[in-house]
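Scroll down for the structure; my scribbles are underneath it.
The values are calculated or read from the model by the stated rules, or taken from the named source; none is laboratory data. Owing to the predicted nature of the structure, the values given are computational and were not obtained by experimental measurement. Here the Cβ positions follow ideal geometry from the backbone for every residue, glycine too, while neighbour counts run over all protein chains shown. All accessible areas refer to the heavy atoms of the entire protein, side chains included, with ligands and DNA or RNA removed. Shrake-Rupley method; radii C 1.70, N 1.55, O 1.52, S 1.80 Å.
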Amino acid sequence: MKQTKLHRLVLSLVILAFGFSPAGGLNAGGLFMRHQRIEGTVKAPDFPADLEWLNTDRKYSIKDFNGKLVLLDFWTYCCINCMHVIPDLKKLEAKYPTELVVIGVHSGKFTTEKGTDAIRQALLRYEIKHPVVNDKNFDIWREYGVSAWPTLVLIDPLGRIIGSHPGEGAFNAFDNSIQEATRFYEAKGELKKGPMPLKLEEEKETPALLSFPGKISADPIKHRLFISDSNHNRVLITDASGALIDVIGSGAEGTFDGTFEAAAFHHPQGTVLKGDTLFIADTENHLIRAAHLKKRTVETVLGTGRQAMSFNRDGKGTGVALNSPWDLAIEGNRLFIAMAGSHQIWVADLNTYYTTPYAGTGQEARVDGPLRRAALAQPSGLSIEGNTLYVADSEVSSVRSLDLDPRGDVRTLIGEDLFDYGDVDGHSETARLQHPLGVAAKNGLIYVADTYNSKIKVVDPEKRTSVTLVGLGEAGLANGPFERVRFNEPGGLAFLGEKLYVADTNNHEIRVVDLKTKTVDNLVLSRLEKLKPSKKAVFFSLGH
């Protein structure tokens, strides 16, 4: 499908003139409503016929949606802002189930994200239930004049563009316009209500014991592992051999505090132990939870339960808003938080639970220098050794080091910038990673979950080198000697003794890397009597 340069220019002008501001509010104080802008003026470009589709058993054309309002979501699955849009899309789909069709246009940033099977895993992980097209070469992106992830484009039932919105805040941006457009086109007899039949990817899946485990941490004193069973909304406690000790969470999606059996989480990620308390980054609830292992209770200690919509507003306890906390680390009474959503590292005083930004301005970039003037990009993994906090800075495909002295600096060990990535071993000048999510420091070396390369690498901070430890660089599941091993987007690492445990997210497994024998095997979970089927109910607390 070809469009003329003139058509693309007109389309871009329409999007600029009738779209939304990146800050999330309508231009001109609500342009759609003020001008009753509910009819499109420019024909929406069609989808190329040769692209692959997911969550459906067919390919689509724009004309297939005549009679429906269509919302295109241009996204890439690595992007935290794109993740923040997904709940808004689900709210719109629930509110307008017979009038609105959401179409995901996945225009992948990273090489791995261009693969249809990798996108399929992302749909399952994020529980997306609308059709998604793999726009791997940015064909649709260019035709619609898109310039940022995420961008949403609303199309009327006659196949014409109403307007667009770059950035988060999709529900507030589109809710009123969809309401008005529904009434307008229904009155004209041009709206065709009714559900759209789909063939979801989840229907092809066989349930697994773990579901997209995102992180793992260890207790070297009592030889325990803490496994974030993220899509089952719980944390499992096992011994080093995989024997189940306890389960934190009912499996329900929610924010409920209480006993281990009753507590509810929403896709938890990183954990860290202090004494008999396990702190949990309850990522999609934007909370930090404390699991008291002796009392077997969970309480919320940080966060309002709502995503922080502004930067650098510190606060105390449940009065401070967080933004997608992804991993945790502890030094003394300081809890460090990888705040992926605000591109910062925050720190909480565990005596008072007063919480404040520690490093990063909030700008998404790779800028070294003093802690509060530096910039990070979606930090997603933390590990402390000595006086240094190491960070997997995922969107700039980098490993960064931060001084634990608040007068210190941020430095880059490996990596360059937002669009500099790859799979290259060697010195920092040439070495490249691809969206790493996890780090584990041990004996002066930094072990890295090089997530989108499906490898484990080792970074030497002194020599400033990065080399592959294990993994063929192709997604898969294969154990045995290092030279045969495959992972599938590993996200978390933890040492227990001389073994490195890996949360192999897309394989739904915990892998055990034996550094002495240079072999890898699966952690076999046993004593599963405590596991119960995940509850379907959704619980809320804290008034949310």
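Of note:
- Within the span defined as the range 107-125, every residue fails to be open to solvent by less than 10 Å² (accessible area, probe 1.4 Å) and over 26 Å from residue 283 (Cα atoms).
- Inspection of the range 251-261 finds a residue satisfying the criterion of being more than 24 Å from the chain's Cα centre (by Cα) and free of Cβ contacts under 8 Å to residues at least 24 places away in the same chain.
- Of residues in the range 461-470 being of a type outside the set (Lys, Arg) and not in a strand (DSSP E or B), the one least open to solvent (accessible area, probe 1.4 Å): 461
- The listed residue being assigned to a loop (DSSP other than H, G, I, E, B), of a type in the set (Gly, Ala, Ser) and under 25 Å from residue 172 (Cβ atoms), out of 67, 104, 40, 108: 40
- The condition (being closer than 30 Å to residue 400 by Cβ and either buried (at least 21 other Cβ atoms within 10 Å of the Cβ) or of a type in the set (Gly, Ala, Ser) (or both)) is satisfied by just one residue among 312, 285: 285.
- Condition check for residue 458: in contact (Cβ under 8 Å) with a residue 12 or more places away in the chain, crowded, with 20+ Cβ neighbours inside 10 Å and more than 19 Å from residue 77 (Cβ to Cβ): no
Residue-by-condition table, conditions (1) loosely packed, with under 14 Cβ neighbours inside 10 Å; (2) within 21 Å of residue 230 (Cα to Cα); (3) among the aromatic types (Phe, Trp, Tyr); (4) modelled with pLDDT of 95 or more:
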position	(1), (2), (3), (4)
451	no, yes, no, yes
482	no, no, yes, yes
490	no, yes, no, yes
504	no, yes, no, yes
516	yes, no, no, yes
519	no, no, no, yes
526	yes, yes, no, yes
534	no, yes, no, no
543	yes, no, no, no
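So that you can scan it fast, the table gives a plain yes or no per residue for (1) out of contact with any Asp or Glu (no Cβ under 8 Å at 6 or more places or on another chain); (2) closer than 20 Å to residue 127 by Cβ:
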| site | (1), (2) |
| --- | --- |
| 202 | no, yes |
| 206 | yes, yes |
| 218 | yes, no |
| 223 | no, no |
| 240 | yes, no |
| 245 | no, no |
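- Residue ranges of helices (runs of 4 or more DSSP H) in the range 116-208 with at least 3 members under 30 Å from residue 229 (Cα atoms): 116-126
- Restricting attention to the range 129-185, the residues being hydroxyl-bearing (Ser, Thr, Tyr), open to solvent by 10 Å² or more (accessible area, probe 1.4 Å) and within 19 Å of residue 67 (Cα to Cα) number 1.
- Close pairs (7 angstrom Cβ cut-off, 6 or more residues apart or separate chains): more than 15 Å from residue 505 (Cβ to Cβ) in the range 104-122, part of a helix (DSSP H, G or I) and of a type in the set (A, V, I, L, M) anywhere: 105/140; 106/119
- The set of residues in the range 337-351 being part of a strand (DSSP E or B) and crowded, with 24+ Cβ neighbours inside 10 Å consists of 337, 338, 339, 344, 345, 346, 348.
- Only a single criterion out of (1) touching a strand residue (DSSP E or B) at 6+ places or on another chain (Cβ under 9 Å); (2) over 30 Å from residue 148 (Cα atoms); (3) in a loop (DSSP other than H, G, I, E, B); (4) open to solvent by 50 Å² or more (accessible area, probe 1.4 Å) is not satisfied by residue 476, namely (4).
- The range 292-308, subset open to solvent by 20 Å² or more (accessible area, probe 1.4 Å) and part of a strand (DSSP E or B), residue farthest from residue 226 (Cα to Cα): 307
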